[in-house]
Amino acid sequence: MSGGQGGQGAHGLKHADDHGHFPEEEILKELGSRAYNLKPHEKESINEIEEALRSGNTIDKETLHHYQHFLEHLTFEFKAILQEEHGDHIHNMQLEKDLRKVAQLMQEISAVLDRN
């Protein structure tokens, strides 16, 4: 049989091992799996807060303070994770985007609390 089997090169090595290089998509996949992703309950909570703020309905001060406390906790947690990942040379653009969204929601809550 010529050319090897199962995607192997002519000298019996897998293509990724051929000539000592590692395919870029494998590196990105590995880095992506090491980067922090929001947990389902974090995503749901952020979306619920955003929907509540955008609904136009009145939200009582206690609920707004609860939202604010939750978002402050997330901000602290996300910043710590980003700093740790940065130290590991991981650039987590999705978490940075999520952090900006959380900061925007906190600003909106502060504006509502200031009006009341």
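The values are calculated or read from the model by the stated rules, or taken from the named source; none is laboratory data. None of these values were measured; they are calculated from a predicted model. Neighbour counts are summed over all protein chains in view; Cβ atoms, including those assigned to glycine, are modelled from backbone coordinates with ideal geometry.
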Residues satisfying the stated conditions in the stretch 58-116, i.e. outside any helix (DSSP H, G or I) and more than 19 Å from residue 37 (Cβ to Cβ): 58, 59, 60, 116
Failed condition for residue 89, given (1) on the phi < 0 side of the Ramachandran plot; (2) surrounded by fewer than 17 Cβ atoms within 10 Å (Cβ to Cβ): (1)
Residue in the stretch 92-105 that is modelled with the highest pLDDT, counting only those that are surrounded by fewer than 18 Cβ atoms within 10 Å (Cβ to Cβ) and aliphatic (A, V, I, L, M): 103
Failed item, numbered, when residue 33 is tested on (1) farther than 24 Å from residue 108 by Cβ; (2) surrounded by 10 or more Cβ atoms within 10 Å (Cβ to Cβ); (3) modelled with pLDDT of 60 or more: (2)
Out of 59, 81, sole residue that is surrounded by 11 or more Cβ atoms within 10 Å (Cβ to Cβ) and under 18 Å from residue 97 (Cβ atoms): 81
